[in-house]
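The next block holds one structure in the form of structure tokens; read it before the comments.
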């Protein structure tokens, strides 16, 4: 091998070695913000992007929304008309009468209450499902409150009866009749039973109140201030009226599932016994 050939082979080997050891060029990171033309650099929507991939994805997504049924969210400068338009698009009834409530027949909510709520719900832009959900929740709370009040009243009545029966003994029925009769003649029918105090308790469930009426009735009878049947007990006519009131159709007397059914039956039986004594 001559010197020229040897030198050529050496150069080739050196060149191959250099190529074999070389690394692929590194991809340069490009600042996306630097690619934005000066006229658009202040656009806030563009300042959220840091690379081209995110920008392209956002653009493609926005293109898919073109022509879709969109409801714009009003900003803080929106007028009442702007909000009304949104409510209507979302499905608010045209009028307050458009709200319908599927309530049980025994609901305690008055028609006037439902009407007032519907008017307010319409102003606030509530959807029918939202309005009905609120009404159902409110109705359940009202029922629970009433049931609790009924239980409390029954407990108070039972405690008062135990206390007064212990005090009056065999004269209990007569004393109670005198108290009720005086209260009715003075203040009207069912005054002791229907009058409620500020705390929601029934006036006739307070022993001191019943005792006061009974004592006053006895004093009036002794002093001759009141004459006749009203001073001693209920008249037959008054007893019949009380029985009629307790046994009206749909009352607790006829409804065995009613919480006051047994109480009503017992009271009617007592009235019949009192009537027979008369």
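Name the residue that is farthest from residue 82 (Cα to Cα), counting only residues in segment 120-129 that are without any contact (Cβ under 8 Å) to a residue 40 or more places away in the chain and surrounded by 14 or more Cβ atoms within 10 Å (Cβ to Cβ).
Applying the filter and picking the extreme gives 128.
Have a look at 156, 85, 116 and point out the one that is in the same structural domain as residue 204 (by TED's automatic domain parsing) and either at pLDDT below 90 or within 30 Å of residue 201 (Cα to Cα) (or both).
Every option except 156 fails the conditions.
So, residue 138, is that one closer than 30 Å to residue 257 by Cα and in a helix (DSSP H, G or I) or not?
Yes; evaluated as a whole, the condition is true for this residue.
When you scan segment 168-211, how many residues do you find that are touching a helix residue (DSSP H, G or I) at 6+ places or on another chain (Cβ under 8 Å), over 19 Å from residue 235 (Cβ atoms) and part of a helix (DSSP H, G or I)?
Adding up the residues that qualify gives 9.
From the set of residues in segment 216-231 that are assigned to a loop (DSSP other than H, G, I, E, B) and more than 19 Å from residue 189 (Cβ to Cβ), which is modelled with the highest pLDDT?
For segment 216-231, the residue satisfying everything is 223.
Please go through segment 107-126 and give me each residue that is over 20 Å from residue 79 (Cα atoms) and outside any helix (DSSP H, G or I), ordered by number.
Within segment 107-126, 107, 108, 109, 110 qualify.
The values are calculated or read from the model by the stated rules, or taken from the named source; none is laboratory data. The shown structure was predicted, so the numbers you read here are calculated from the model rather than taken from an experiment. Glycine also receives a Cβ, built like all others from the backbone with ideal geometry; neighbour counts cover every protein chain displayed.
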